[in-house]
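Every read-out reported here was derived from the displayed coordinates using simple, explicitly stated rules and does not represent laboratory data. Since this is a predicted model, take the numbers as computed values, not measurements. All Cβ positions, glycine included, derive from the backbone under ideal geometry; neighbour counts span all protein chains shown.
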Amino acid sequence: MDFDFSGFGDFTATTENIEVKKTRKFDRIWKIGHGGSICTQICISDGIGYFGAMDDYIYAVDCETGSEIWKFKTNGGILDSSPVVHKNVVFTGSFDGYMYAMDKLSGNLIWKYKTGGGIDASATAYDDMVFFGSKDGFFYALEAESGNLSWRFRTGDEILSTPSVRNGRIYFGSFDGFLYCISTGGKELWRFRTGGEVMNSAPILCEKNFVCFTSFDNQLYCIDSETGKEIWRFNTGKYGNATCPAFHDGVIYYGSRDGIFYAISAANGSELWRFKTEGDGVIDKLPLINGSTAYIGSEDGNMYVLDLKSGKELWRFRTGGAVATSVAIWKDCIFFGSWDCHVYKIDIHKHEELWRFATSTLTPAFLPPPYEGYSAEIKKSMDNIDTIESEDRYSASNQALNLSEYGGKSEYVTKSEYTHKSEYTTDFVIFEGVLKSEQLWSSTLTSTWQVSK
């Protein structure tokens with residue numbers, strides 16, 4: 001049963017011995033529908049661009065002409081698992097739970113490996129190994145040549161973070177709120193707790209052994225890569241962070257879900273400048289830094305080009321849908337996908353479109369509102385006994401998640417040390433009326449609903 005509320009904040013309301021607590025959670029990606037929309041970065045290797053789409057296909061396109069070279073069908077949409085090329089092999093994960101290895105030139109399947117949940121983050125190839133996380137809560141290490149499992153590491157929740165590897169150490173985040181540092185042999189070295197989910201944010205490895213990453217607690221963190229100790233943090237606006245930051249010449253650049261693109265000093269975390277997108281367009285992908293220019297996509301449909309020093313807009317290119325991909329560059333041209341089911345090639349000097357490539361369908365995938373994702377926990381008292389139903393976190397999602405087979409139940413206590421009060425107010429009148437319905441409560445003491453903005 002769905003309800004529509006006007007506010008974004010947490011609240012607790014009590015009526016007729018029933019306590020209702022509304023809390024925010026992020027489950028937008030489980031509700032994205034099927035279509036030809038593109039959210040992965042275009043990976044360019046030897047003049048061929050590789051990308052995945054929500055129509056279940058992985059594509060290879062000629063970067064000169066925009067013509068299709070091959071496409072490979074999976075059994076699930078490909079949202080944030082951008083293809084990675086390593087030694088003439090393309091690695092991509094899918095919502096169907098498989099990691100695929102395909103021949104770079106022909107698209108023929110070499111091997112595939114099944115995990116216990118959908119894969120919604122890019123893999124990292126390092127030293128003939130492929131590292132990636134899954135929604136089953138495990139982080140995997142596969143042999144790149146054979147696809148055989150070398151080891152896996154369990155976290156307390158889903159993994160939607162692309163790993164970064166340096167000096168034999170792997171850094172990645174989990175929905176359990178931790179950033180992990182483990183060895184390339186699968187041994188945990190340390191973990192750092194945030195106040196929210198760490199998702200889609202590939203930690204960047206800066207100078208002086210800094211690791212920077214974002215969390216859904218609205219913070220950008222800078223921590224020591226050796227010890228896991230916090231150096232500084234920077235607070236953004238609202239709605240949480242899910243962006244991969246970029247590092248260039250002592251400055252960290254990243255966008256936030258509040259529609260602002262920030263330039264932050266890596267030395268002390270101070271803000272240098274900010275740029276506001278049109279209509280609070282969500283930014284949740286890695287920016288491209290090229291020379292003195294930054295290229296960023298926004299869900300307002302624009303690809304923005306900014307001056308790195310001042311943060312001022314130089315020019316923009318508008319598509320027919322959300323630009324929820326990172327930008328790639330090759331031969332003075334940029335390449336990026338859009339939710340309008342096209343990949344674009346744009347000349348960076350003339351600011352002109354050279355070609356666009358359409359996916360198998362021009363029907364965009366359903367994209368929920370960017371700030372939705374709430375749950376309601378209902379507790380009713382009877383005979384002085386309170387009963388609380390265990391919340392099914394993804395009960396309304398398109399894809400069911402079963403962690404029991406894979407031992408994915410959290411072993412960690414991840415209660416947030418942070419609190420965030422909403423600037424919004426909420427009208428309880430409609431909801432209170434629903435709760436008084438005798439029909440609703442006649443047959444059950446407890447219920448859990450998925451509600452959305």
#### Entry: Residue within the stretch 203-210 that is assigned to a loop (DSSP other than H, G, I, E, B) and either out of contact with any helix residue (DSSP H, G or I) (no Cβ under 8 Å at 6 or more places or on another chain) or on the phi < 0 side of the Ramachandran plot (or both) present
yes
### Message
Checking the structure you have, find out if any residue of the stretch 270-288 is surrounded by fewer than 16 Cβ atoms within 10 Å (Cβ to Cβ) and either part of a helix (DSSP H, G or I) or touching a helix residue (DSSP H, G or I) at 6+ places or on another chain (Cβ under 6 Å) (or both).
### Response
yes
## Note on the structure
The lone condition F131 fails out of (1) surrounded by fewer than 23 Cβ atoms within 10 Å (Cβ to Cβ); (2) aromatic (F, W, Y); (3) under 18 Å from E188 (Cα atoms) is (1)
### Any hit, the stretch 89-108, residues being under 16 Å from the mean Cα position of the chain (by Cα) and of a type in the set (D, E)
no
### Task
Would you tally the residues in the stretch 254-274 being within 21 Å of the chain's Cα centre (by Cα) and over 20 Å from K208 (Cα atoms)?
8
### Query
Within the stretch 188-198, can one find any residue that is among the polar types (S, T, N, Q) and either farther than 30 Å from F275 by Cβ or out of contact with any Phe, Trp or Tyr (no Cβ under 7 Å at 6 or more places or on another chain) (or both)?
no
### Message
From the list S122, S146, S82, exactly one residue is without any contact (Cβ under 8 Å) to a residue 40 or more places away in the chain, outside any strand (DSSP E or B) and hydroxyl-bearing (S, T, Y). Which is it?
### Response
S146
### Count of the stretch 153-174 residues which are charged (D, E, K, R) and out of contact with any Ser or Thr (no Cβ under 9 Å at 6 or more places or on another chain)
1
